[in-house]
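Asker: Attaching a single structure in structure tokens format; questions to follow.
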Amino acid sequence: MLGSHFNTIIIGAGISGLSSAYFLSKKNKDFLIFESSKYLGGTIKSKKIKNFICEIGPNTVLMNNDSVKKIIKENGLLNKVLYPDEKKNKNRYVLVNNNLTKIPTSFYEFLFSKILSLKSKISLLFESFASRHTKNVTVADFIKKRFGNEFHDNIIEPFLTGIYAGDTSKMSARHCLKLLWSLEQNYGSVTMGLFKKKFKKPSSFNFPNGLGELITTLSVNLKEEIRLNTSVIKISKHGDLYKIKTNDNRTYTCKNVISTVPAFTLSKILFDRKLSLELKNIDYSPIDVFHFGLKKKNIRDKVNGFGLLTKKNDKKSFLGILFNSSIFNQLAPKGFELFTVLVGGQRNRNLCKLEPKLLQEIILNELNQLINHSGPVYMSNHYRWKKGIPQYNLKYDYIEDHIKSFLDKNTNFYINSNFYRGISVSDCISKSEFISKKINRN
Ligand SMILES: Cc1cc2nc3c(=O)[nH]c(=O)nc-3n(C[C@H](O)[C@H](O)[C@H](O)COP(=O)(O)OP(=O)(O)OC[C@H]3O[C@@H](n4cnc5c(N)ncnc54)[C@H](O)[C@@H]3O)c2cc1C
């Protein structure tokens, strides 16, 4: 059956799809958005359970670019934004001998921190003598060469696990350590670059009802353009136009396509066989997300901070714990604390195959010991992301070349997914504005 013609078709109504639609609509609404599920928001899922605001996907967004600032301001969300309690937010912990230990944030704290040995601290002073990389390497190789093994194992590995749930011995330094890589390339050393360039740490934010508020707000003015429960099953090219076939057996034509779907989905529906084969090689880390609402009075070791990240040799079943209500007290009812525990990733893939009840028991046991909690669990929730976060591994350099040459050949086709040019929500919004402006100019 024939659908109709649109200037642009957006595939997927996660933050990339919805923010693209928002920026496109500044010129006109000659577009349609297809979303395979019955929900909007994709990975952004906020759920209110017993008055706890549980984030199943992202927990915070960085206010680190103009597109994010614009989308918040122009949609009247500025007065709703929740900023974390900054004093607590800068407290990020790792484990040293099974004790929560703060990652130093000042030179003074660094000198006395137990996270690194004296030898390792001294070796950091020699970072500027390490030679510049002439080709991309893994995160582990990059950090170990410049800062030593201990710095990698005790700080960088846990920190990046918190973002990518990845394996630093496979991850690409150029893609996953963008800032450090560019400082090294431009100044010859990271330390030198840090001295020469001034950085302002961007703040992160949420909303009183979770990040879902951003999704709800963006979708209010897009009711006519969104088609829920509609999967794109085939994209083909006919001259200068693209044909989009959906699972309700309709075919639409359009001048521009914005694809926001994961690599493993795009590989199945795309007309270019070569790129499809490459996209299949992008690995996704599985992640299980647990939420626990606990009574404050039952927690003996109070936590104050953003959260805790573990390293490989801590031998914990979880990758990290976010102390949500410590930095945003609005996310838990009075008298309670909310914890989000992330499990799996490349490090513990197999845990994401365990029966959820059994896994919850293991995780809860470890959490109870860590914060000295005894008593019943007031609220719990579990979600399994079988394919959670795309991995920018070393071989990604090669895949990226394929993506670029596909995009060069197929003008007006845009890949705006988190497997291309950044995974954070703020990256997604920034890419959306860039692409939409380009379309609106034509
Ligand atoms: C557990 C977890 C925690 C995270 N934490 C953070 C964080 O704290 N901060 C941060 O900035 N980022 C975080 N991220 C990353 C960030 O959330 C994602 O990269 C981002 O939300 C991706 O948005 P997207 O719109 O590009 O893709 P998605 O959210 O994946 O949206 C794609 C949409 O396409 C739809 N779709 C799929 N196939 C089809 C089809 N054939 N036809 C039509 N529609 C289709 C899907 O249903 C989905 O709605 C986290 C990710 C995970 C998994």
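No lab work stands behind these numbers, since they all come straight from the coordinates. Given the structure is predicted, the values throughout are model-derived calculations rather than measurements. Cβ: placed from backbone, ideal geometry, glycine included. Neighbour counts: every protein chain shown.
Asker: Compare the Cα positions of ILE399, ASN329, CYS176 along the charge dipole of the chain (+1 at Cβ of Lys, Arg; -1 at Cβ of Asp, Glu; about the Cα centre) and return the one farthest towards the positive end.
Answerer: Of the candidates, ASN329 comes out farthest on the positive side.
Asker: Any idea which of ILE235, GLY188, PHE199 is furthest toward the positive side of the dipole for the chain, if Lys and Arg beta-carbons carry +1 and Asp and Glu beta-carbons -1?
Answerer: PHE199
Asker: Under a 10 Å cutoff between Cα atoms, tell me which one of PHE264, PHE199, PHE110 has the largest fluctuation in the Gaussian network model of the chain.
Answerer: Maximum among the listed residues: PHE199.
Asker: Could you list the trypsin sites (Lys or Arg not before Pro) in the stretch 247-334 that lie in coil according to DSSP, counting only those with at most 10 other Cβ atoms within 10 Å of their Cβ?
Answerer: Of the trypsin sites (Lys or Arg not before Pro), the ones in loops of the stretch 247-334 whose Cβ has at most 10 other Cβ atoms within 10 Å are ARG300, LYS315, LYS334.
Asker: When the dipole is taken about the Cα centre of the chain, and only Lys, Arg (+1) and Asp, Glu (-1) are charged at their Cβ, what size is it in debye, to the nearest 20?
Answerer: It comes to approximately 280 debye.
Asker: On C-alpha positions alone, give me the angle between the axis of helix 356-371 and the longest principal axis of the chain, in degrees, nearest 10.
Answerer: So the inclination is approximately 40 degrees.
Asker: Could you give each residue of the stretch 11-16 its phi-based ³J(HN,Hα) in whole Hz, using Karplus coefficients 6.51, -1.76, 1.60 with θ = phi - 60°, and x for Gly or Pro?
Answerer: Once rounded to whole Hz, the list reads 9, x, 10, x, 5, 5.
Asker: Then there is this: Please tell me the relative contact order of the chain in percent, rounded to the nearest whole number, where contacts are Cα pairs under 8 Å and at least six residues apart.
Answerer: Dividing the mean separation by the residue count of the chain yields 25 percent.
Asker: Here's something else I'd like to know. How large is the helix-only mean residue ellipticity at 222 nm for the chain, computed as the sum of -39500 (n - 2.57) over DSSP H runs with n ≥ 4, divided by its residue count, in deg cm²/dmol to the nearest 500? Don't jump to the answer; show the numbers that get you there.
Answerer: On the way: 17 runs with 148 residues, N = 442.
That comes out to -9500 deg cm²/dmol.
Asker: Provide, for q = 0.10 Å⁻¹, the log10 of I(q)/I(0) from a solvent-free Debye sum over equal Cα point scatterers in the stretch 119-229.
Answerer: Once normalised to I(0) and log-transformed, intensities are -0.45.
Asker: Next question. Convex hull volume of the Cα atoms in the stretch 41-160, per residue, in Å³?
Answerer: Numbers: hull volume 23.6 nm³, N = 120.
With only Cα atoms used, the stretch 41-160 gives 197 Å³ per residue.
Asker: Any idea what Rg and Dmax come out to for the stretch 284-390 if you just take the C-alpha atoms, in Å?
Answerer: According to the Cα coordinates of the stretch 284-390, Rg and Dmax are 13.4, 39 Å.
Asker: How large is ³J(HN,Hα) for each residue in the stretch 425-442, as worked out from phi by the Karplus curve 6.51 cos²θ - 1.76 cosθ + 1.60 (θ = phi - 60°), to whole Hz, x for Gly and Pro?
Answerer: Couplings: 4, 5, 4, 4, 5, 5, 5, 4, 5, 4, 5, 5, 4, 4, 5, 5, 6, 7 Hz.
Asker: Run the dipole for the stretch 106-251 about the Cα centre, Lys and Arg Cβ at +1, Asp and Glu Cβ at -1, nothing else charged, and hand back the magnitude in debye, nearest 20.
Answerer: Numbers: 23 positive and 13 negative charges, 97 e Å.
So the dipole magnitude of the stretch 106-251 works out to roughly 460 debye.
Asker: Which residue, PRO202, PRO104, PRO356, tops the fluctuation ranking in a GNM of the chain built on C-alpha contacts under 10 Å?
Answerer: In this elastic network of the chain, the residue with the biggest mean-square fluctuation among PRO202, PRO104, PRO356 is PRO202.
Asker: Shifting gears a bit: Most mobile of VAL139, VAL377, VAL81 per a Gaussian network model of the chain (Cα springs, under 10 Å)?
Answerer: Result: VAL377 has the largest fluctuation of those listed.
Asker: Non-local amide H neighbours of SER285 (under 5 Å, H modeled in plane, Pro and chain starts lacking H): which ones?
Answerer: GLY388, ILE389, GLN391
Asker: Apply the Karplus curve 6.51 cos²θ - 1.76 cosθ + 1.60, θ = phi - 60°, to the phi angles in the stretch 313-322 and return the couplings in whole Hz, x for Gly and Pro.
Answerer: Coupling constants for the stretch 313-322: 7, 6, 6, 9, 7, 9, 8, x, 10, 9 Hz.
Asker: Roughly how many debye, to the nearest 20, is the charge dipole of the stretch 28-176 about its Cα centre, given +1 on each Lys and Arg Cβ, -1 on each Asp and Glu Cβ, and no other charges? Walk me through the intermediate numbers first.
Answerer: Working: 25 positive and 14 negative charges, 42 e Å.
That gives the stretch 28-176 a dipole magnitude of about 200 debye.
Asker: Okay, moving on. Just the Cα atoms of the chain: what Rg and Dmax do they give in Å?
Answerer: 22.6, 71
Asker: Among VAL139, THR310, SER113, whose Cα sits farthest toward the positive end of the charge dipole of the chain (+1 at Cβ of Lys/Arg, -1 at Cβ of Asp/Glu, about the Cα centre)?
Answerer: SER113
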